[in-house]
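Q: To start, I am sharing the structure in question, which I have written as structure tokens.
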Amino acid sequence: MAGKQVNPTRMELTRLKRKLVTAVKGHRLLKDKRDELMRQFLDLVREDMELRLKVEAGIKAANANFVLARAGMSEETLRAAFMAPKQEVYLKTGKKNVMSVDIPVFDYDTRTADKNDIYSYGFAFTSSDLDGAVSSLNDVFPDMLKLAEVEKSCRLMASEIEKTRRRVNALEHVIIPETQEGIRYITMKLDENERSTQVRLMKVKDMMLEEAHNYSEKQDS
């Protein structure tokens, strides 16, 4: 196969040797990158599991309080309590580069710094269960935002790991073996050509010596 794909010349041999050096170096660097990506990916997965448990617990607590609040308040009063929110949240997005992967960074600001502005209603006609529900959601919100950031990062890093793995496999199982095979083929062909040249030279030398010997005999006779 190699004989059909490569031209058995010294220039091609030099090119393939350089290509092999580059491929081996690239293979080593990509393996290191893949291993580091895997380490950081597993760290993110563990963080994701911890955050998910916290977020689910917070949402569960909020839902339980909402159920109690709804049981103790009329539908109209509950709707009126949320008609005019006091607080606003502004999402800020950024990114950071981790092993050539741009992963998101989420943060937020609130319109006011007053913690009581999370309650958009007065306390006279609402139950404490509603206060607990709102407080639970407010407490879990930073973890929800962090969870979204971590899960998006996991997806991006998983995609990069897969691409890096394919490149490593291509180098390891295709490019490097084919280049080595090409080098062996050219080396063998060059050695054969060199031996053939030596044989031809020896034959030419023998023919010249024989011709010189015959010429000398003719001169002596």
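The values are calculated or read from the model by the stated rules, or taken from the named source; none is laboratory data. All values derive from a computational prediction rather than experimental measurement. FYI the Cβ positions are ideal-geometry reconstructions off the backbone, even for glycines, and counts take in every protein chain you see. Just so you know, the surface numbers come from the protein's heavy atoms only, side chains and all, with ligands and any DNA or RNA stripped out. Shrake-Rupley method; radii C 1.70, N 1.55, O 1.52, S 1.80 Å.
Q: One residue is enough: does the stretch 25-34 have a residue meeting the conditions open to solvent by 70 Å² or more (accessible area, probe 1.4 Å), touching an Asp or Glu at 6+ places or on another chain (Cβ under 9 Å), at negative phi and assigned to a helix (DSSP H, G or I)?
A: yes
Q: OK, next. Being open to solvent by less than 60 Å² (accessible area, probe 1.4 Å) and either farther than 30 Å from R166 by Cα or out of contact with any Asp or Glu (no Cβ under 7 Å at 6 or more places or on another chain) (or both) narrows it down to one of D129, D114, D102, D48, so name that one.
A: So the residue among D129, D114, D102, D48 that is open to solvent by less than 60 Å² (accessible area, probe 1.4 Å) and either farther than 30 Å from R166 by Cα or out of contact with any Asp or Glu (no Cβ under 7 Å at 6 or more places or on another chain) (or both) is D129.
Q: If you don't mind, there's one more thing I want to ask. Open to solvent by 100 Å² or more (accessible area, probe 1.4 Å), part of a helix (DSSP H, G or I) and closer than 30 Å to F125 by Cβ: does that describe R79?
A: yes
Q: Under the condition of being under 11 Å from the mean Cα position of the chain (by Cα) and in a strand (DSSP E or B), which residue from the stretch 95-112 is nearest to S153 (Cα to Cα)?
A: The extreme case among them is I103.
Q: Give the residue that is modelled with the highest pLDDT, with candidates limited to residues of the stretch 160-199 that are open to solvent by 60 Å² or more (accessible area, probe 1.4 Å), farther than 30 Å from K33 by Cβ and not β-branched (V, I, T).
A: So the residue we want is M188.
Q: Can you spot a residue in the stretch 45-58 that is part of a helix (DSSP H, G or I) and closer than 23 Å to F123 by Cα?
A: Scanning the stretch 45-58 turns up at least one residue that is part of a helix (DSSP H, G or I) and closer than 23 Å to F123 by Cα.
Q: Inside the stretch 137-158, can you point out the residues that are under 23 Å from V101 (Cβ atoms) and free of Cβ contacts under 8 Å to residues at least 60 places away in the same chain?
A: Passing the criteria: L145, A148, E149, K152, R155, L156.
Q: A follow-up question, please. Only one of M207, M202, M144 is open to solvent by 70 Å² or more (accessible area, probe 1.4 Å), modelled with pLDDT of 90 or more and in a helix (DSSP H, G or I). Can you tell me which?
A: M144
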